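The values are calculated or read from the model by the stated rules, or taken from the named source; none is laboratory data. Keep in mind that what you see is a predicted model, and the values were worked out from it rather than measured. Positions of Cβ are backbone-derived with ideal geometry, glycine not excepted, and every protein chain shown enters the neighbour counts. Note: areas computed on protein heavy atoms with side chains; ligands, DNA, RNA excluded. Shrake-Rupley method; radii C 1.70, N 1.55, O 1.52, S 1.80 Å.
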Amino acid sequence: MTRSWLPPTALTLKRHTPLLSWLQDPGSLTTRLQRHSQGTFSVQVLTQHWGRAEPSEAAALGIHPRARVLIREVILQGHGQPWVWARSILPQASLTGSLRCLRKLDNRPLGGWLFKQPGLQRDPLEVTCYAVADDRLPAALVNDQALWGRRSVFYVHGKPLLVGEVFLPAFLQTLE
């Protein structure tokens with residue numbers, strides 16, 4: 001499914017005004033979720049495997065579409081509820097030197113590691129809406145509403161990593 005990614009400033013989410021600040025925040029989502037959950041934050045790893053990025057992911061990373069990447073999908077939880085589905089694409093070529101440790105994050109948040117790196121650079125955020133029937137999202141985590149997500153490419157020592165995050169219904173309820 002082809003998805004349009006837009007700059008977050010293109011959004012006018014009148015009904016989801018609190019969500020807009022989360023979509024546009026260039027800081028650490030992990031840190032903000034930890035504060036929002038009052039310390040009940042956790043990471044549940046759904047999958048971590050070698051594969052190929054989707055075409056738009058490869059393009060965002062500036063890598064060949066057939067390049068080998070580590071795909072990590074997790075649920076970021078607050079109060080034991082699934083708040084954010086996150087998908088990270090880590091090119092094999094990026095997972096060398098000090099970034100080699102990212103191969104074995106287990107249930108530690110990638111964002112917690114990223115924002116501690118000296119010289120971290122980040123491309124501008126992009127946002128998109130995931131349709132109700134989008135089969136990319138784990139079926140058990142969605143309901144009958146479209147969901148908003150964001151992504152951006154991070155550079156650690158000049159090596160790119162793509163991180164995408166989708167805000168789930170249980171999280172949206174905490175904003176009401």
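Can you say whether G62 is modelled with pLDDT of 95 or more and open to solvent by 40 Å² or more (accessible area, probe 1.4 Å), as far as the supplied structure shows?
Here the answer is yes, as G62 does meet what is asked.
Does L110 satisfy the condition of being open to solvent by less than 10 Å² (accessible area, probe 1.4 Å) and under 25 Å from R66 (Cα atoms)? No.
Residue selection: L137 satisfies the criterion of being in a loop (DSSP other than H, G, I, E, B), buried (at least 16 other Cβ atoms within 10 Å of the Cβ) and in contact (Cβ under 8 Å) with a residue 12 or more places away in the chain.
Each residue in segment 89-107 was checked for being under 21 Å from L33 (Cα atoms) and surrounded by fewer than 15 Cβ atoms within 10 Å (Cβ to Cβ), and 2 pass. Note on segment 1-118: enclosed helices (runs of 4 or more DSSP H) holding 1 or more residues that are in contact with a helix residue (DSSP H, G or I) (Cβ under 8 Å, 6 or more places away or on another chain) and among the hydrophobic types (A, V, I, L, M, F, W, C) are 17-24, 29-36, 110-114. Residues in segment 73-88 that are under 10 Å from the mean Cα position of the chain (by Cα) and surrounded by fewer than 21 Cβ atoms within 10 Å (Cβ to Cβ): E73, I75. Taken over segment 146-175, the residue count meeting the criterion of being open to solvent by 20 Å² or more (accessible area, probe 1.4 Å), at pLDDT below 95 and in contact with a Pro (Cβ under 8 Å, 6 or more places away or on another chain) is 2.
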